[in-house]
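Below is one structure, written out as structure tokens; the observations come after it.
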Ligand SMILES: Nc1ncnc2c1ncn2[C@@H]1O[C@H](COP(=O)(O)OP(=O)(O)O)[C@@H](O)[C@H]1O
Ligand SMILES: [Mg+2]
């Protein structure tokens, strides 16, 4: 793994807030299937995520990791099975979709900041128009989150003027401004130069410490070891194996998992 | 320090560059005579100017009859442009058949329009929202009431009497202002996932784009009344307005669609994942970026719309070109260069408006491009 993610391991982690509630189900996926045309991309996915749980999804490229988490806020539509997020079942009912999206934040590989808006406007747009927060209050909250991701001084700049790592931290702050209950990360560090990976992972770790429910697609195995309650391995649209990080890395059960780990851990 | 023998304490003033690397001669050499080819082109260009400028000068200025001149002066042999004729008939070119006693009404409209439009186009002036409300909502009502009359003790002036530049500006402004939102809706509709909306938009766009504007105007003025119930008429100017607007909105839709395609899927998805609904995503994220990409195309449409308004003359509306055309039959000013002067004047007026639009769009592009380039 990259040096950056190894370095993160040095840090002492505050496990205090990281207890998982055993009663509140955040996400329930039952027998979910999805096709792109004829291509069966997700097969019989079953997954239950508890509130406060932090899950890392790993697997080879094209195994359906992105598609799975994109189904959770319905950027992709599943065709069979059930998907219940925060007690709301996702169907073609647009009102429910919007309801779920308000509660689920998402961070993309390529940041997807709005290039024509300042950083502050990027952060306040959704709170103002979706939550109806007054502008002054939204800006105050935005500044608070910018401080949390350690770039308050960039508030008036445009995304194009920031480094990749800074942009990704802004993207995380932008999602947090909606006070989501669940955060989804789709390879948040894989478009970054190595020296910027660490600053983003640190923000994600502090988010984990605050008790956020997180699902992260990532190849940062250092991060997985340190923060995840559970690592899920996917291949060819199926969940092949899942386990606590220690067991997952030291004692993988399936051949495909072993092969994948041997490739990714050198 | 000790080994430093001498340090100069005052700066040496910078001298002008040697004359071979700057100054007039160097400029000439660099820009006009850099190579054999360049020199040749320069000479050809100079010859062309020497050939073209003197006759143009004598036609437009040297032998021309200035404003205030008489018809007799314009009838002299080998006379230049008859500006006196333009000056004498300029009211007709601006107002058409609008009653002379009521000229203050179009004048008020012109003044009010300029007063509202200039601050709207000038980025640094505040109160844009109020300004836009006044210009797009209040102003059209005021224009209609003022020009049409029949209310508040204003003498009614039917639209048949409106004419000249007044009508040209009305048609082009209405066309420009209405075709943008219509074009946006059509472009969005064409991308819609709902098959009915998509099909309707595609049909509309392809239908209007495939028909010449003249045909549209003819149909609106000749066919439409046939389908209307007996005794019911739709104002001729209104029909032209609707025809021009729908026609140009189809073109606008295609330009805007080009802009929409330049916006990556990630922008839509980021908006969606934040809980913004369809119209918020479009309004705050996609359209501001998409429209910015296609400003040149949009303004190009504006310019051709402005010039295309001259086609309304064939359905009997007296726009700027048509009044000028009609005035050439004025025997009081019959003179060898009467018609030519009129058309040159028309060309000049169209050019001023179109050139201003073009310059303004360049200025806007440059302004919007600073700061947040990807
Ligand atoms: N919109 C789409 N249409 C068709 N096929 C797709 C689409 N998105 C992804 N796929 C295919 O689905 C498979 C899984 O993709 P993805 O979920 O992005 O994998 P991962 O994130 O694990 O690399 C890939 O084979 C990909 O080519
Ligand atoms: Mg992926």
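Bear in mind that the values in this text are calculations on the coordinates, not laboratory data. Just so you know, these numbers come straight off a predicted model, no measurement behind them. With ideal geometry, Cβ positions are generated from the backbone for all residues, glycine too; neighbour counts draw on all protein chains shown.
Take the Cα radius of gyration of the protein assembly as shown and divide it by 2.2 N^0.38 Å, with N its residue count; two decimals is plenty.
Values: Rg = 34.6 Å, N = 640, 2.2 N^0.38 = 25.6 Å.
So the Cα radius of gyration is 1.35 times the expected 2.2 N^0.38 Å.
Segment B:241-283: percent of C-alpha pairs farther apart than 13 Å?
Numbers: 573 of 903 pairs.
Of all Cα-Cα distances in segment B:241-283, 63 percent exceed 13 Å.
In Å, what Rg and Dmax follow from the Cα atoms of chain A?
Spelled out, the Cα radius of gyration and Dmax of chain A are 18.1, 55 Å.
What ranking of B:307, A:80, A:65 emerges when the number of other C-beta atoms within 10 Å of each C-beta is taken as an exposure proxy, fewest first? Numbers along the way, then the final one.
Values: B:307 16, A:80 12, A:65 25.
With the sparsest Cβ surroundings first, the list reads A:80, B:307, A:65.
Once Rh is set to the Kirkwood radius over Cα pairs, what Stokes-Einstein translational diffusion coefficient, in µm²/s, holds for segment A:162-245 at a temperature of 25 °C and a viscosity of 0.890 mPa s? Before the final figure, lay out each step's value.
Working: Rh = 13.6 Å.
For the chosen part, D equals 180 µm²/s.
Could you list A:128, B:125 so that the one with the fewest beta carbons within 10 Å of its beta carbon is first and the one with the most is last?
Details: A:128 18, B:125 11.
Ordered by Cβ neighbours within 10 Å, fewest first: B:125, A:128.
Please state, to two decimals, what the Cα-based radius of gyration of segment B:99-156 comes to when divided by 2.2 N^0.38 Å (N = residues). Before the final figure, lay out the partial values.
Details: Rg = 13.2 Å, N = 58, 2.2 N^0.38 = 10.3 Å.
In units of the 2.2 N^0.38 Å rule of thumb, it is 1.28.
Could you give the semi-axes, largest first, of the ellipsoid that matches segment B:79-180, computed as the square roots of 5 times the alpha carbon gyration tensor eigenvalues and rounded to whole Å? Mind showing how you got there, number by number?
Working: eigenvalues 146, 76, 29 Å².
They are 27, 19, 12 Å, listed largest first.
Taking the C-alpha atoms of segment A:153-210, how large are the radius of gyration and the largest Cα-Cα span, Dmax, in Å?
11.5, 30
Which percentage, to the nearest 5, of the DSSP beta bridges contained in chain A is antiparallel?
On the way: 20 of 37 bridges.
Around 55 percent of the beta bridges assigned by DSSP in chain A are antiparallel ones.
Which of B:319, A:44 comes first, and how do the rest follow, when ranked by fewest Cβ neighbours within 10 Å? Walk me through the numbers on the way to the answer.
Values: B:319 27, A:44 13.
Taking fewest neighbouring Cβ atoms as first place, the list is A:44, B:319.
I want the antiparallel fraction of DSSP beta bridges within the protein assembly as shown, as a percent rounded to 5. Numbers along the way, then the final one.
Working: 21 of 40 bridges.
Percent antiparallel among DSSP bridges in the protein assembly as shown is about 50.
Given the convex hull over the Cα atoms of chain B, what projected area results after averaging over all orientations, in nm²? Don't skip to the end; give the middle numbers.
Details: hull surface 140.1 nm².
Averaged projected hull area, Cα only: 35.0 nm².
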